[in-house]
Every structure is written in structure tokens, then in C-alpha cells.
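The values are calculated or read from the model by the stated rules, or taken from the named source; none is laboratory data. Because the structure is predicted, anything quoted here is derived from the model rather than measured. Here the Cβ positions follow ideal geometry from the backbone for every residue, glycine too, while neighbour counts run over all protein chains shown.
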Amino acid sequence: MTRSTNNVAAHHRKKKVLNQAKGYYGGRSKLLRTAKETVNRSLVYAYRDRKARKRDFRRLWIIRINAAARLFDLSYSLFMSGLKKAGVGLDRKNLADIAARDLDTFGKLAEVAKAK
């Protein structure tokens, strides 16, 4: 029986790693072992930061809402609890957008929150 090798698959695996390492500096994009280490580390960072991005945006929205609420003599917690009691169903993302773009509408929401 003739000897068979797995060269095609092995080449494909190497090429896949080196393609993912394109743009890295020096041997990190050229040498298989260092490229593999760097690519694996970058995939770990990517997984972690997809989760962290959600936390970061929520923090940003809360900061924006708090800053706008304080213009109308309300703290963030009083503003949010007032809206909840009033039955306003806007989420933090939309509230932060309103706070940044349309302060008049946010002022009306603050009045609704104060009333409750």
C-alpha cells in the first residue's frame, strides 16, 4: 500500500492561522507558532470584550441620563424611579439618546418623573 499524507489539510490549517494573523508585527504574522499564540490570545480578547461592550454601553447611557437629569434637579435614581412609577417604558439606550439630542423632550420626561 502506498503511503498517504495529510498535506492538504495541514496546509489549510496553517494557512487559516496565518490569514487570521495578517497585519500583526514581524514573526507574529509569518511564523506559525507565534502566529498561533497571538491569534488564540486575540480570540480570547474578542470573546471577553463582546461581553464587556454591553457593560460599557450601559455605563455610558447611565452617565448621560444622570447628567441630563441633574440639569432638571433630579438624581438618576429619582428620575428612573419616577419614570417607572409613571409607566414610561423607555429603556436606557433611548433615554440617553433623547438626553443627548433633544433636551426639551427630556425636560418633559423629567417633569413626568418629578410628578410621581
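Summary table below
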| read-out | value |
| --- | --- |
| Filter result (without any contact (Cβ under 8 Å) to a residue 12 or more places away in the chain and under 16 Å from residue 60 (Cα atoms)) within the range 76-93 | 77, 91 |
| Single residue of 29, 4 found to be among the hydroxyl-bearing types (Ser, Thr, Tyr) and in a helix (DSSP H, G or I) | 29 |
| Considering residues of the range 51-61 that are of a type in the set (A, V, I, L, M, F, W, C) and surrounded by 13 or more Cβ atoms within 10 Å (Cβ to Cβ) only, the residue nearest to residue 97 (Cα to Cα) | 61 |
| Among the residues listed as 13, 48, 41, 3, the single one being of a type in the set (Lys, Arg) and surrounded by 12 or more Cβ atoms within 10 Å (Cβ to Cβ) | 13 |
| Qualifying residue in the range 44-62 (condition: of a type in the set (Gly, Ala, Ser) and in contact (Cβ under 8 Å) with a residue 12 or more places away in the chain) | no |
| Filtered residues of the range 99-116 (kept if touching a Lys or Arg at 6+ places or on another chain (Cβ under 7 Å) and not in a helix (DSSP H, G or I)) | 116 |
| Whichever residue in the range 73-98 is assigned to a helix (DSSP H, G or I) and hydroxyl-bearing (Ser, Thr, Tyr) and, among such residues, is surrounded by the fewest Cβ atoms within 10 Å (Cβ to Cβ) | 77 |
| Selected residue [at pLDDT 95 or above and loosely packed, with under 14 Cβ neighbours inside 10 Å] from 64, 70 | 70 |
